[in-house]
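Have a look at the structure below before the remarks.
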Amino acid sequence: MKQKKDKNELKYERKNFWKEASKSDQKAAMDYSVAYKQFLNEAKTEREATKWMENMLKKHKFTDIYGKKGNNKVYGIFRGKTMAIAVLGSEPISRGFNMVASHIDAPRVDLKQNPLYEDGQSQMACMRTHYYGGIKKYQWVSTPLALHGVIVKSDGTVLEISLGEKEDEPVFIIPDLLPHLARKEQYTKNIGDAIDASKMNLVFSGMVEPGTEEKEAAKAYALKVLNKMYGIKEVDFISAELYLVPAVKSRDAGIDNSMVVGYGQDDRICAYTALTALLDAKDKKPKRTQIVYLSDKEEVGSQGATGAHSIFIQDFVSDLMAYKGEDNSSVNLRKAFINAQILSADVTAVVDPNYPNVHEKQNAVIFNHGIGVSKFTGSGGKYACNDASSEFTAKVLNIFTEAGVYWQMGELGKVDEGGGGTIAYILANLGAEVIDCGVGLMGMHSLYELCSKADLYSTYKGYKAFFESR
């Protein structure tokens, strides 16, 4: 007698991790977030993320690809802001590789190159700023900020700055206008214009030397303090890279501790899950080469020497081929990318309970239902997107399903509501099969982004399964 099929087997229904997952998987999801939060706290800039990851790689016996040969676990760092990591496979790289590609820059507020000035009316020493990436400017005022970055002195000495992270260190504030006086200055304007970028100036210090007759005494005193702390002069700001980032630590969120709130999760959450997935992949001598690529400048278009548009990743793959003794001619390098399978590991937007109408629920990502897969990104009529092939989409979803990974298909908002882009199209332009998949965030690009621990862990498992696939 022919058995009837369960009607539910014919439907696509995403599964809630907390409802369906085993107790051991739920515990693993909770445990996985502990080290992740520490990473977020210690890697608030792309330079810090690169350094943190290099230290982790060394603990796992990875070596610099440009050093001594013989190790099948190698990495390369370019200009301190972008890197690639590989576990070499037995097959020629020209037959392709499996890559998970993420980015490690995040929206922030930079100090200008000549930032320090004294405001005549308030008699305070202030710093001029220039925001980086897509931010809502009003979120960055009246919130504690820490100062991170590097200062290169005239003698070549590089100073690494991190001020405002420890309890006994000062934090910094870009003050907002009090509501009592904001009626004309702010309330009559659109939300995007209420905070003028030219008025996002940091209140840096206010003391002066006792009995001083010096002009701009507050600025002069600030320079003396800086010179005492770091041995720098005002001219050293000209070549510095100094960023303002939220000073608050990442931590658990929700009464059930099921979420993580913290700065920079776009896209360091995918960078972290990609790295740990590579380190934990079962086959330490895989058939197919495994690569993690961590780029810079994604939030401003991926341009420049350290962005995904640069030559770095092609050079790294070429160097891998040479390292293995393979022909790394331009023809073979092109074949390697044409035969490559790549997950563009970037975050996506989840349904926000306060703003559900910007999503089409049937094709939206929601918390606790696993890694979010996006066949395409872009905006409007799929403008500036990579649209993954049906064959590769099915292959990736089958990999996830067979590995017991919780996954869901989604897109970034309703058609014509907005949209967003990733580095997927840049890598696809090299001929590779590429699809976007990563963690869904609530409050993306804000100072305190929110993720589900279930989705965090599912993304790690998804990347791991992808690396382990043939």
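The values are calculated or read from the model by the stated rules, or taken from the named source; none is laboratory data. Just so you know, these numbers come straight off a predicted model, no measurement behind them. Because the Cβ atoms are built from the backbone with ideal geometry, glycine has one as well, and the counts that use them run over all protein chains shown.
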- From the list LYS11, LYS19, LYS68, LYS15, which residue is among the basic types (Lys, Arg), more than 30 Å from ASP110 (Cα to Cα), touching a residue at least 24 places away in the same chain (Cβ under 8 Å) and surrounded by fewer than 16 Cβ atoms within 10 Å (Cβ to Cβ)? LYS15
- Query: Which condition does GLY164 not pass, out of (1) in contact (Cβ under 8 Å) with a residue 24 or more places away in the chain; (2) touching a helix residue (DSSP H, G or I) at 6+ places or on another chain (Cβ under 9 Å), if it passes all the others?
  - Reply: (2)
- Message: Kindly evaluate GLY89 against the criterion of being part of a loop (DSSP other than H, G, I, E, B), farther than 22 Å from GLY462 by Cβ and not charged (D, E, K, R).
- Response: no
- Query: Out of curiosity, is GLU402 of a type in the set (D, E, K, R) and either more than 30 Å from SER94 (Cα to Cα) or at pLDDT 95 or above (or both)?
  - Reply: yes
- Task: Within segment 368-392, track down each residue that is in contact with a Cys (Cβ under 8 Å, 6 or more places away or on another chain) and closer than 24 Å to TYR406 by Cβ.
- Result: ILE371, GLY372, VAL373, SER374, PHE376, THR377
- Task: Taking the residues in segment 307-329 that are without any contact (Cβ under 8 Å) to a residue 24 or more places away in the chain and assigned to a helix (DSSP H, G or I) as candidates, determine which candidate is surrounded by the most Cβ atoms within 10 Å (Cβ to Cβ).
- Result: SER318
- Is it fair to say ILE195 is under 17 Å from VAL109 (Cα atoms), without any contact (Cβ under 8 Å) to a residue 40 or more places away in the chain and in the same structural domain as LYS233 (by TED's automatic domain parsing)? no
- Item | Verdict on LEU430 being in contact with a Cys (Cβ under 7 Å, 6 or more places away or on another chain), modelled with pLDDT of 95 or more and not polar (S, T, N, Q) | no
